[in-house]
Each structure stands twice: as C-alpha cells, then as structure tokens.
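What follows is a single structure, written as structure tokens, with notes after it.
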Amino acid sequence: MQTAANAFQNYLGNVGTEVHPESENDPSGAKMKALAWFGKEDVRIVDAPVPAITEPDDVIVKVTASTICGSDLHLYHGEILAMQKGDILGHEFMGVVDKVGPNINNLSPGQRVVASFQIACGECEFCQKKLSSMCDRTNNSSLQQFMYGTRDAGFYGYSHMTGGFAGGQAEYVRVPRGNVNLLPIPDHVPDEQALYLSDILPTSYHAVVDTGVEKGDTVAIWGLGPIGLYTAKWAQIKGASRVIAIDRVPFRLQFAQEKLGIETINFEEHKDIPKRIRELVGEKGVDVAIDCGSFHEPKTLAHKVQKFLMLETDVPETLNEMLLSVRKMGRCGIIAAYAGFANGVNVGALMEKGVRLIGNGQAPVHLYWKEILEEFILSGAFDPTFVLTHRVPLEDMPALYKAFDERVPGLEKVIVDTKFSKEFGKRGKGCPPLSRVGDWKTGTAKPQGVN
C-alpha cells in the first residue's frame, strides 16, 4: 500500500508550497537520536543528521520533552498513506530554541517553546484567522489533494501525505516559520503542563467547542485515550450536565471514573451501545456525541472482512452508533483521525433525524493555545497532568509504541525525555519519575508516583 501510494504521489508530482520539508544538515556533521519508521510495527532509534537552518524563517529546537499520541499508532500500523522508510516520527514536542534564521525576531536562543503539531505559513487566508491546521501553503501532498479535493497544513512526523516533515520524537527539530509555529512558555510553567499544548489540549478543546457542547447538555464520548479524557473534562468545564464515555479497556474505564467522576460503558459487555445509552438517559438520546476513538479496529465480522480485503480503509461503526444515540437534531463531532473511506454509513439516520454531523478536522492549534495556557493552565482551572502516568527516555520509544498499541494496563499518557531534558527541561511536581519500559511488570504499567 505504501509503495503504491508513494508511486502515485510521485506520478502526480508535488504541489508548490511556500515552506519545504527538506532540511540541510548541520555543517559540523553532528548526529542526533531519533525514532524512525521502517514498516508496519517496525520503528527504530536511529542516528540522524542534526538539521540546520534551511530557510530564513526556520528555528532549530533542542527537544526537552516529547510524547506518543494515539494517532501515531495509525503510522505504526502502516495505515496512513505515503509513509517512507526512515521517516522521523512524532508531532508533539517542546524544547528550547537552539538557533534562529535571519528573519526570526521574536525568539532567541535558550527560550522555552512548545511547537504546534501543524506547520502554518502565518499569512494565508486561513492563517490570518488562526486556522493553522487549514494552512494552504505548507503541505505539498498531491495525494491528499487528489483524495480530499484540498490539503491540510503540513504536519510534523506524519507521512508524506502531510508534507513529509521530520518529526519531534528526536533530539533536534527544524521548525519552519518558527515565528508563528512556536509558543513561548513562561519559566514557571513545567514541561508537563505545557507539552500537550502541541496537540491534545487544543484538539480536545476544539472537539467540544466546534461540536457545540452547551450548558446542560448530555454528552457521549467514544474512546478514553488522552484525547477522550481531555474532551470529557472540557465538556464538564463547558457545563455538560452528564458525560458518558464508551471504551473497552478496564483500566481506562476505571481511570475515567476516578479522575473525572463520569459514567462509562464497556462495549465488550454492552454490544448495543445506542440501546445502553437510552437505558441510561431515556429514549430521547444524548444531545452531543463525539468520536475520540480509532478507525482501525473494526468490531463486527463484516467490517473486519472488508478492511482485511481493503474494500474500505476506515470503519463506520462508531459513527453509526453516534447517529443512533443522539436525539433528533442532535450533534455528532468527529475528532478521531479518519483517513479514507468507510462502507455502510447510516445516511438515512443522519438525514431523517436532522443530525448535525460535524467533521471537526485537525484542530487549529493557533486558535486555542494561548487561551488554554492563559485562561486554564495558568489559572489552575485545567491541570493537564491528570492523564500523565509515565515518563521514559527517548531510547525506549520502540518498546513504548508496542506497549501503547497493546493498551498495557496502567499506561495512559507519557512524557519522553531526551539528553537535553535534565539541563534545559523543567519537570515539576506533576511529572512522574523516569522509568524504563523494560522494567514494567509484564502486562501492566503501574502508574508512577510523582516526584
């Protein structure tokens, strides 16, 4: 699939962009540790060239904290098109400014910053509205243009369908248009409070805001990974009267109950989710349903067969459950990262019930990250560390991908150290102690205590 996708994109040719993914190498010849993709379920720590300032608006960042995202598992399984061997992964990272290009006048070496997972030009129609994920000028993928009719912004470490930019599960990252794609972090804010401004904080906030959660709403959320947990928290902050979350992993269900006090449904025990939701809330159904799950794990035999035969790339089961679970004129939001085509969507329910189906899209980080930092994190209204269970070194990333994919009990969200974390990073009281994946007990990753 990857070979065909890359060949087709080469045939189409790259779309012209203002920002380019190719990086020059540091003239010293220095190397760095980075996590690279080599095939399905094959990721490795490699020695890669340290990137250099390549375009005048570039910033080179020394990474002090990175992480793994649930959407990285789509890459791990080879389900996102146009992956190439040796691609450096990771789209959530922060660090300190190492070098700046000649056009950068708002940042200086040594400054602590967090990067948005998307690369925006800062000038196009969408960027002027802070809709950074929709930037027209940074993603050269003709394949995405062909499939979707248009293109997202370029993303770090997320295949050549999003521009082919090297990612942040590395010791250094070249950040194009660093003047707009890096947010300065106050010195008193620890890394574990700031890191998730790169993606999951704005993404979960966007899911709630864009889907229109209002005071008094009953909200159902599919998926209790970090984004699902954050989405539930934001729904509570926005005044939801009731939040019900659906998952099958016992640890995640218990974690959500303990941390957020929400109701949960284990879909291994309740096969008919719409029926179970109506047993809980009444025949009207919920006001809002939000998909924070995954497209790559079909539940039913029919979709397992179709996906195996490549008759569909994605599965519609969660979408159909949401359409049946919401009230008439209810709202369904999709923040889960779908990639292609799904068969058997219940279009009849969508139309006849007057459901507002909202593709939330990739969250525009620039629209929200200052608001989240200033109004919620600095004020103490939202503590991002409630999802953080572990801290590991960069060298453990291959083992961490496997553990994350297997949903090892006790593992929710991690912070990843690099060789720069001790000198330049800032770990606070909400950060777990450093541990090694190989030292975790077989089949369990007991949540670590904080320092």
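Number of residues in segment 399-445 that are touching a His at 6+ places or on another chain (Cβ under 7 Å) and outside any loop (DSSP other than H, G, I, E, B) equals 1.
Among residues of segment 26-41 that are closer than 17 Å to V61 by Cα, none has a beta-carbon under 7 Å from a residue that is at pLDDT below 95 and surrounded by 12 or more Cβ atoms within 10 Å (Cβ to Cβ) at least six positions away or on a different chain.
Considering the conditions (1) closer than 14 Å to S325 by Cβ; (2) out of contact with any helix residue (DSSP H, G or I) (no Cβ under 7 Å at 6 or more places or on another chain); (3) touching a residue at least 12 places away in the same chain (Cβ under 8 Å), D272 is excluded by exactly one of them, (3). Can L388 be described as within 30 Å of M322 (Cα to Cα), modelled with pLDDT of 95 or more and in contact with a Pro (Cβ under 9 Å, 6 or more places away or on another chain)? Against the criterion (within 30 Å of M322 (Cα to Cα), modelled with pLDDT of 95 or more and in contact with a Pro (Cβ under 9 Å, 6 or more places away or on another chain)), L388 qualifies.
Are any residues in segment 92-140 among the polar types (S, T, N, Q) and under 21 Å from N360 (Cα atoms), and if so, which ones? Reasoning before the result, please.
Applying the first criterion (among the polar types (S, T, N, Q)) to segment 92-140 yields 103, 105-106, 108, 111, 116, 118, 128, 132-133, 138-140.
Answer for segment 92-140, where residues must be among the polar types (S, T, N, Q) and under 21 Å from N360 (Cα atoms): S116, Q118, Q128, S132, S133, T138, N139.
Where residues in segment 145-191 are assigned to a helix (DSSP H, G or I) and crowded, with 23+ Cβ neighbours inside 10 Å, which of them is farthest from the chain's Cα centre (by Cα)? Filtering first and then ranking leaves G178. Go through segment 259-362 and tell me which strands (runs of 3 or more DSSP E), entirely inside it, have 1 or more residues that are closer than 24 Å to E79 by Cα and hydrophobic (A, V, I, L, M, F, W, C). Qualifying strands (runs of 3 or more DSSP E): 286-291, 326-334, 356-359. In this structure, G425 qualifies as of a type outside the set (V, I, T) and buried (at least 18 other Cβ atoms within 10 Å of the Cβ). Scanning segment 24-57 for residues that are assigned to a loop (DSSP other than H, G, I, E, B) and closer than 21 Å to I80 by Cβ returns K40, E41. Just one of the listed residues (A245, A232) is in a strand (DSSP E or B), small (G, A, S), touching a Leu at 6+ places or on another chain (Cβ under 9 Å) and not assigned by TED's automatic domain parsing to the domain that holds F376, and it is A245. Take F251 and decide whether it is within 20 Å of S204 (Cα to Cα), within 25 Å of the chain's Cα centre (by Cα) and hydrophobic (A, V, I, L, M, F, W, C). Judged against the criteria, F251 is not a match.
For D396, work out the one condition from (1) in a helix (DSSP H, G or I); (2) surrounded by fewer than 18 Cβ atoms within 10 Å (Cβ to Cβ); (3) touching a Lys or Arg at 6+ places or on another chain (Cβ under 7 Å); (4) not hydroxyl-bearing (S, T, Y) it doesn't fulfil. Of the numbered conditions (1) in a helix (DSSP H, G or I); (2) surrounded by fewer than 18 Cβ atoms within 10 Å (Cβ to Cβ); (3) touching a Lys or Arg at 6+ places or on another chain (Cβ under 7 Å); (4) not hydroxyl-bearing (S, T, Y), the odd one out for D396 is (2).
The values are calculated or read from the model by the stated rules, or taken from the named source; none is laboratory data. Keep in mind that this is a model prediction, so the values were computed, not measured. FYI the Cβ positions are ideal-geometry reconstructions off the backbone, even for glycines, and counts take in every protein chain you see.
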